[in-house]
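Everything below concerns the one structure shown next.
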Amino acid sequence: KEGLANRTGTAVFTNPADPDHVSMRIDPHGGQGETIEAPVSTLDDLMAKLHHRHIDILKMSVEGAEYDVLEDLVARDRLPFTQLLVEWHWRSSGPGPPGPVPPTPRHRSLLGKLWSKGFEVVESRDDDRKTTMIRKWRKTSRLTAKLTT
């Protein structure tokens, strides 16, 4: 088993302090539960291992690593998927107020960057914590632009 991250190697995952919660978080979180180490890879490395050049649907539930992974892919203009389903973890560690929690500025910024790359939100559930995005358009490559002009 291997996790998705913005780096290849190993990562520390932290169990929640509350035993009724089941999701771990990537990286150490002080005051939480025990930690374990597990192997992680970048999307590019996982795709190379599986001999994939494109992914039709990328479903991400990576327990807090989604921002680092997607910000890295956007910064490198490397978005090799058509549809993105992501479970967002924007609440900071530790308990928060009951009820819906508004998205962070980091979340809104990343959504804007994905939109600028052609992705549009087509469905959002659970107070916007689960989002489905589809790439509506693709940037034309320079080679294609030169051939058509």
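The values are calculated or read from the model by the stated rules, or taken from the named source; none is laboratory data. Since the structure is predicted, the reported quantities are computational estimates derived from the model, not experimental observations. Quick reminder, even Gly has a Cβ in these numbers, built from the backbone with ideal geometry, and neighbours come from all protein chains shown. Only protein heavy atoms, including side chains, enter the accessible area calculation; ligands, DNA and RNA are left aside. Shrake-Rupley method; radii C 1.70, N 1.55, O 1.52, S 1.80 Å.
Yes or no, residue by residue, for (1) touching a strand residue (DSSP E or B) at 6+ places or on another chain (Cβ under 8 Å); (2) not β-branched (Val, Ile, Thr); (3) not in a strand (DSSP E or B):
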| position | (1), (2), (3) |
| --- | --- |
| Arg7 | yes, yes, yes |
| Phe13 | yes, yes, no |
| Pro16 | yes, yes, yes |
| Glu37 | yes, yes, no |
| Val40 | yes, no, no |
| Val62 | yes, no, yes |
| Tyr67 | no, yes, yes |
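Could you identify the single residue in Leu58, Leu73, Leu79 that is of a type in the set (A, V, I, L, M), part of a loop (DSSP other than H, G, I, E, B) and open to solvent by less than 50 Å² (accessible area, probe 1.4 Å)? Walk me through it before giving the result.
On the way: Leu58 fails: part of a loop (DSSP other than H, G, I, E, B); Leu73 fails: part of a loop (DSSP other than H, G, I, E, B).
Only one candidate qualifies: Leu79.
Residue by residue through the range 15-45, note down the ones that are at pLDDT 85 or above and surrounded by 17 or more Cβ atoms within 10 Å (Cβ to Cβ).
Hits for the range 15-45 are Val40, Ser41, Thr42, Leu43.
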